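Trainee: Sharing a structure with you now.
The values are calculated or read from the model by the stated rules, or taken from the named source; none is laboratory data. Since this is a predicted model, take the numbers as computed values, not measurements. Backbone-built Cβ (ideal geometry, glycine too); neighbour counts: all protein chains shown.
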Amino acid sequence: MIAITPATVLRRRSDVRYRRIEGEAVVLRQSAAEVLVLNEVGASVLDLADGERSVGEWIDALAEEYEGNSITLARDVLAFAAELAEAGLLEPVAGRSEP
Amino acid sequence: MSFGAGFLRHPDLFPARRAGEPWGDRALALDVAGGPYLLSGLTTAQEEALRRRFGSLCGPAEANGTATQVFRAPATDFLAIDTRGWEYTLDLDPAPDALQVAGLHLMARLGWTPALAGALWTPEPAGEEWTSVCENYLRLLTAYRLLEEGGALLHSAGVSDGEWAWLLLGPSGAGKTTASRLCLEGGGTVLSDDLNAVLFHEGTARLRKLPFTGDLGERAGGPESVPLRAVLRLAQGEEEGLRPLSPAAALASLVAAAPFVNCDPFRRETLLAVLERLARAVPAWEVTFSREGGLWAMVKTIR
Amino acid sequence: MSLSRVVATAWRENLLFSVLLELTYRCNLDCFFCYNDLALKGEPLSREQYFRLLADLREMEVMNLTLSGGEPLAHPDFLALGARARELGFVVRVKSNGHALRGELARRVRDEIDPFLIEVSLHGATAATHDRQTRVPGSFDRLLANLRELRDLGLRVKLNSTLTRWNEGEIEGMLDLADSLGLPLQVDPEVTPRDDGDREPLQVAPSREGVLRLFRLQFARGRAAEEGAPEVQVARGGDDGTVPTPVHKHCGAGSSGIAIDPFGNVYPCVQWRRPVGNLHQQGIGEIWRGSAGLAEVRELTVQVKERIGAEGPGSHLLNFCPGSAAAHAGSPLALYPAAVQRREALEQVMEEERKTLLPVVR
């Protein structure tokens, strides 16, 4: 399990292809020929995982978008990021994670 | 070297069927021996270039004839070739019912399904490059069509006195253009100094004029079709003279002078039959001539 | 959340999801039963028009992009278009005959396009049969060598085959061959008329016995699948073989998918050659939203659903394709012999299966 903190910088793996359909994301991992459907937050996380912004920055961006309880949101996003990394959709960017 | 490798970047992608993206929707018919030849899929510029090149031989594409579709090919399909001091030979890949052809900016295939039809792929949209590609293709197509008609395309100079014609055979450099000039100067006419068509009409071998010429260029006027009097193999030398050729030697010279089809093992028997008929129909001589001499006077004595 | 629900949404809401581009009708093989309309004429789409199309499709959130032909590799901009498609994040499939997929070209396809899948046609288990169908001597041996090379390059390859009278006796051999190469093989039991209506390909349509034999094999291998044998599927119409949850349309033709020919003509599906627009006249977005032809097609897929539903239980065994119906019988609503034959064969094989599986009282 990859340890995800707000400082972690993640990016989509190169074999990940996805599109947004009615808010959701249809995701294909080409190497595994595996299709997943993610909800709206999941779709936004995929958009945010550009290898530039840290998970902390995602949380800030999503908090603005969804105006939810930021503590719950932070917990959910961290868990979600870990899940997507575990599923092989995201990978940490070496040397980019903030101290 | 495998087929096409000398001209094409991806010989593996050579078209196996007569299909692709046509250049345009124009078409015309060419009234050339063995024709008419219908060319379709042309742009207006390609059509106009052919009309300039072939003039009154061009007609509307209504008649039945041997059809060729012209398709686009990307310039990137072709290797860059330095043509300085280079002798251009088309790369042919014959099969029982098809022929694949690769050359400078041209890919072509002829197919017998069962009638002969062709396709030409080129990146040339207009201009002299286009007419040159098209003429090279037509030379080849004519060779195959004439063979189907029981005739032959012969690498030769065709000279005539208006009543009879003589066929002067010889490879490049043997003096076909020089001999043609000498005959012209002597008062004869020249059908072509490079490629002539031989066809049998009511049992008689006749020479037909083709718009495919060598250095002498196209000759306006003159006869279109003349009965053939003799086949002459050119030789240059000090002593002018005529020497009869055996039928076997004549046949060998004729086979050597029948471009394209003489490399096709699937048409060899047909070609031999046609040329043997020709060798039996008219006498054959070897003619030795000099640049200063009276070639034409000598030729005319062969009757 | 399931994919089938997303696909159903795309069908219902007319969300374009899958696009097939026939880049060229040039081909380095000459398959006897090829469906391409080789007499079709027009102005081919330029590289710039293709780039604009891809950008528009990205904007429309299209996911699947299939590059087909003819032989798509023969298109001058194949690599450039594939690379642009990758850059725009499409799931790219390449339908190729595989004849030229070797050496530098194969490597460049992998490195520059990174396709999700290359779909290659296998025509027989022997050179005699394969080459008879492709009408290019040596194409079978070349294909086998190329398939091994593609596999070693790490490209994902799937074999497609059309069952014909000529190869129906070699289906076991073809499946074994696919197994030995470690590649999935999908067999389509239907030969269709050409896109111009020419019925010549039907001369090699498989026999009833051939179709039965294929289905028996597929059922048998379905049982063996648990033991790890590669899966074999019957080709399905509609959207990438995905079976959606119930919706009011029979398939996604014109609702979630389209096909575009080399001259910019837009069709609801590669099988259904009913032009609904042309990219020389309109952009794809405009066609997608405003084409009267597409609106008719979408309405027709609703009618097809009702029409086929009326065939009662087992109607799904027809694997009915409105495009095939239009080609075979002149109407997208007409039952055509190949579909009826398919249902009968499937029913027969299912009955045989039932008898095999039920305990017999002695």
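Trainee: Residues to consider are C:V120, C:V62, C:V94; find the one that is β-branched (V, I, T) and touching a Phe, Trp or Tyr at 6+ places or on another chain (Cβ under 8 Å).
Mentor: One residue alone meets the criteria, C:V62.
Trainee: So which pairs qualify, if the first residue must be in segment B:255-266 and at pLDDT 95 or above, the second must be among the polar types (S, T, N, Q) and in a loop (DSSP other than H, G, I, E, B), the Cβ gap must be under 6 Å, and the two must be at least 6 apart or on different chains?
Mentor: From residues that are at pLDDT 95 or above, there are no pairs.
Trainee: If you don't mind, another one. Got at least one residue in segment C:170-188 being closer than 20 Å to C:L122 by Cβ and in contact with a Gly (Cβ under 6 Å, 6 or more places away or on another chain)?
Mentor: Yes, there is a match, as at least one residue in segment C:170-188 is closer than 20 Å to C:L122 by Cβ and in contact with a Gly (Cβ under 6 Å, 6 or more places away or on another chain).
Trainee: Identify the single condition in (1) part of a helix (DSSP H, G or I); (2) of a type outside the set (S, T, N, Q); (3) at pLDDT below 95 that C:P313 does not satisfy, given that it satisfies every other one.
Mentor: (1)
Trainee: Which one is nearest to B:L42 (Cα to Cα) among residues in segment C:38-49 that are more than 9 Å from chain B (Cβ to nearest Cβ) and not small (G, A, S)?
Mentor: Among them, the one singled out is C:L40.
Trainee: Could you give me the residue pairs with C-beta distances under 9 Å whose first residue belongs to segment A:1-19 and is more than 30 Å from C:L65 (Cβ to Cβ), whose second residue is among the hydroxyl-bearing types (S, T, Y) and crowded, with 20+ Cβ neighbours inside 10 Å wherever it lies, and which are 6+ apart or on separate chains?
Mentor: Pairs found: A:I2/A:T8.
Trainee: Then there is this: Taking segment C:22-54, which residues are within 30 Å of A:G23 (Cβ to Cβ) and either out of contact with any Phe, Trp or Tyr (no Cβ under 8 Å at 6 or more places or on another chain) or small (G, A, S) (or both)?
Mentor: Within segment C:22-54, C:Y50, C:F51, C:R52, C:L53 qualify.
Trainee: Would you tally the residues in segment B:20-43 being in a strand (DSSP E or B), more than 14 Å from chain C (Cβ to nearest Cβ) and in contact (Cβ under 8 Å) with a residue 40 or more places away in the chain?
Mentor: Total satisfying the criteria: 3.
Trainee: If you don't mind, there's one more thing I want to ask. Taking the conditions exactly as written (part of a loop (DSSP other than H, G, I, E, B), in contact with a Cys (Cβ under 7 Å, 6 or more places away or on another chain), at the interface with another protein chain (Cβ under 10 Å from one of its Cβ atoms) and on the phi > 0 side of the Ramachandran plot), does C:G70 satisfy them or not?
Mentor: So C:G70 passes the test.
Trainee: Within segment C:116-135, which residues are within 11 Å of another protein chain (Cβ to nearest Cβ) and either assigned to a helix (DSSP H, G or I) or in contact with a helix residue (DSSP H, G or I) (Cβ under 7 Å, 6 or more places away or on another chain) (or both)?
Mentor: Hits for segment C:116-135 are C:F116, C:T134.
Trainee: Oh, and also: Let me spell it out: the conditions are (1) surrounded by 13 or more Cβ atoms within 10 Å (Cβ to Cβ); (2) within 24 Å of C:S2 (Cβ to Cβ), and A:L62 meets all of them except one. Which number is the exception?
Mentor: If we test A:L62 against (1) surrounded by 13 or more Cβ atoms within 10 Å (Cβ to Cβ); (2) within 24 Å of C:S2 (Cβ to Cβ), just (2) comes out false.
Trainee: On the basis of being free of Cβ contacts under 8 Å to residues at least 60 places away in the same chain and at the interface with another protein chain (Cβ under 7 Å from one of its Cβ atoms), does C:T9 make the cut?
Mentor: Answer is yes for this residue.
Trainee: Go through (1) assigned to a loop (DSSP other than H, G, I, E, B); (2) at negative phi for B:Q46 and report which single condition fails.
Mentor: Tallying (1) assigned to a loop (DSSP other than H, G, I, E, B); (2) at negative phi, B:Q46 fails exactly one: (1).
Trainee: I'd like to check something: does segment B:53-62 contain any residue that is surrounded by fewer than 21 Cβ atoms within 10 Å (Cβ to Cβ) and farther than 29 Å from B:R219 by Cα?
Mentor: no
Results for (1) closer than 30 Å to B:G55 by Cα; (2) surrounded by 16 or more Cβ atoms within 10 Å (Cβ to Cβ); (3) outside the structural domain of B:G162 (by TED's automatic domain parsing), shown as yes or no for each residue.
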| site | (1), (2), (3) |
| --- | --- |
| B:P227 | yes, no, no |
| B:L234 | no, yes, no |
| B:A252 | no, no, no |
| B:P259 | yes, yes, no |
| B:R267 | no, yes, no |
| B:E276 | no, yes, no |
| B:V282 | no, yes, no |
| B:R291 | no, no, no |
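Trainee: For segment C:26-49, indicate whether the set of residues that are outside any loop (DSSP other than H, G, I, E, B) and either surrounded by 16 or more Cβ atoms within 10 Å (Cβ to Cβ) or acidic (D, E) (or both) is non-empty.
Mentor: yes
Here's the yes/no breakdown for (1) within 24 Å of C:E104 (Cα to Cα); (2) small (G, A, S):
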position: C:D141; (1), (2): yes, no
position: C:L147; (1), (2): yes, no
position: C:D152; (1), (2): yes, no
position: C:T162; (1), (2): no, no
position: C:G173; (1), (2): no, yes
position: C:A178; (1), (2): no, yes
position: C:L183; (1), (2): yes, no
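Trainee: Please verify whether C:L183 is within 21 Å of the chain's Cα centre (by Cα), within 14 Å of another protein chain (Cβ to nearest Cβ), within 30 Å of C:V211 (Cβ to Cβ) and among the hydrophobic types (A, V, I, L, M, F, W, C), treating the condition exactly as stated.
Mentor: Yes: the conditions hold for C:L183.
Trainee: With in contact with a His (Cβ under 8 Å, 6 or more places away or on another chain), buried (at least 18 other Cβ atoms within 10 Å of the Cβ) and under 20 Å from B:P223 (Cβ atoms) as the only criterion, which of B:L169, B:L182, B:L153 stands out?
Mentor: Result: B:L169 is the single residue among B:L169, B:L182, B:L153 that is in contact with a His (Cβ under 8 Å, 6 or more places away or on another chain), buried (at least 18 other Cβ atoms within 10 Å of the Cβ) and under 20 Å from B:P223 (Cβ atoms).
Trainee: To continue, here is another question. Just to be sure I understand, how many residues within segment C:73-104 are part of a helix (DSSP H, G or I) and of a type in the set (K, R)?
Mentor: Summing the residues that are part of a helix (DSSP H, G or I) and of a type in the set (K, R) in segment C:73-104 gives 2.
Trainee: Go through segment C:18-37 and give me each residue that's facing chain B (nearest Cβ under 10 Å) and either without any contact (Cβ under 8 Å) to a residue 60 or more places away in the chain or of a type in the set (D, E) (or both).
Mentor: C:R26, C:D30, C:D37
Trainee: From A:A61, A:A43, A:A25, which residue is of a type in the set (A, V, I, L, M), in a helix (DSSP H, G or I), within 14 Å of chain C (Cβ to nearest Cβ) and without any contact (Cβ under 8 Å) to a residue 40 or more places away in the chain?
Mentor: That would be A:A43, the only listed residue that is of a type in the set (A, V, I, L, M), in a helix (DSSP H, G or I), within 14 Å of chain C (Cβ to nearest Cβ) and without any contact (Cβ under 8 Å) to a residue 40 or more places away in the chain.
Trainee: Consider segment B:89-115. How many of its residues are farther than 21 Å from B:E21 by Cα, in contact (Cβ under 8 Å) with a residue 24 or more places away in the chain and either under 17 Å from the mean Cα position of the chain (by Cα) or not in a strand (DSSP E or B) (or both)?
Mentor: Total meeting the criteria: 5.
Trainee: If B:T76 satisfies all but one of (1) within 27 Å of B:G150 (Cβ to Cβ); (2) of a type outside the set (D, E); (3) within 14 Å of chain C (Cβ to nearest Cβ), what's the number of the condition it fails?
Mentor: Of (1) within 27 Å of B:G150 (Cβ to Cβ); (2) of a type outside the set (D, E); (3) within 14 Å of chain C (Cβ to nearest Cβ), only one is false for B:T76: (1).
Trainee: Could you look through segment C:69-88, keep only residues that are within 22 Å of the chain's Cα centre (by Cα) and surrounded by fewer than 21 Cβ atoms within 10 Å (Cβ to Cβ), and pick out the one that is nearest to B:T113 (Cα to Cα)?
Mentor: Only one residue tops the list, namely C:L79.
Trainee: Now for a separate question. Is it fair to say B:G103 is at pLDDT 95 or above and of a type in the set (G, A, S)?
Mentor: Yes; evaluated as a whole, the condition is true for this residue.
Trainee: Just checking, which of B:F212, B:F266, B:F200 is aromatic (F, W, Y), over 20 Å from B:A297 (Cβ atoms) and assigned to a strand (DSSP E or B)?
Mentor: Checking each option against the conditions leaves just B:F200.
Trainee: Next up: Does A:A82 qualify as being closer than 13 Å to A:A3 by Cα and surrounded by 13 or more Cβ atoms within 10 Å (Cβ to Cβ)?
Mentor: yes
Trainee: Condition (residue is part of a strand (DSSP E or B), surrounded by 20 or more Cβ atoms within 10 Å (Cβ to Cβ) and within 17 Å of the chain's Cα centre (by Cα)) applied to segment B:65-83: is it met by at least one residue?
Mentor: There is at least one residue in segment B:65-83 that is part of a strand (DSSP E or B), surrounded by 20 or more Cβ atoms within 10 Å (Cβ to Cβ) and within 17 Å of the chain's Cα centre (by Cα).
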